[in-house]
Amino acid sequence: MPVENVSLLAAFAAGILAFISPCILPLVPIYIGYLSGSAVSETAPSRWVTFGHALAFVLGFSLIFTVLGAAVGLLGGLLTTHMPLIRRLSGLLLIVLGLSVAGVLKIPLLAQERQIQWQPASPSYPASFLVGLIFALGWTPCVGPILGAILVLAGTSETVAQGAFLLAIFSLGLGVPFLLVGLALGQMRGLLRRINRYGNVIYLISGGFLVLMGLLLLTDVLFRLNSLLQNLWTPPL
């Protein structure tokens, strides 16, 4: 199954939903502020310094997510003869994850905190990159199901490159808002607080999105849409 437009758009949208999830959004200014030193220094760093720390942080978690995508793509490639069954099981798993995010199902395993705490002694770009790595390894409960759903989708891509690319697009969806906050930290604080007021709505939208993706995968509609788009974009010989 080639990674085409529908899967890529889904991965990018999932990254944005992960960013605005109530367990990540309120922490974004804190993350960026401490990494760049603006939260502990009387003299605020320039926006480009803050942006640089945000970029290093994004590169850190993008590396981990992309490697994970490659790993599940490799696994999918090894099981390619069973891919029709895997797609259907993956669709069911996505539906369960979506219902969990929406609060319809309570799954204790997904509700467990798995955070790794580390704060750099002083701001530096390597430290921000390391915090990005730690951020990716210590998923919070509400981001875990969304990331897990994209990993499930990457597993159906059947190749290392396609799985890695899908998770790179997910990282882009999650990372671009981080970069925008880094570029305009002061101006973005108010906007982030307003978005965070709609946490319950965001949970419902995220859960509904995952359930929809699960249904598309379960019924093979996603596979057919991707194949249709591939044919449309492939020039005739």
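Values in this text are rule-based calculations from the coordinates and carry no lab data. On a predicted model such as this, the values are computed, not experimentally measured, just so you know. Reconstructed Cβ throughout: ideal geometry from the backbone, glycine too, with neighbour counts over all protein chains shown.
Values as computed for the structure displayed
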| quantity | calculated |
| --- | --- |
| Mean Cβ neighbour count within 10 Å, used as a protection proxy, ranking 195-208, 154-167 highest first | 154-167, 195-208 |
| Stretchable slack from A184 to T81, in nm (0.36 nm times residue separation minus alpha-carbon distance) | 32.2 nm |
| Simple spin-label estimate for L225 and Y125 in nanometres, 7 Å along Cα-Cβ | 3.9 nm |
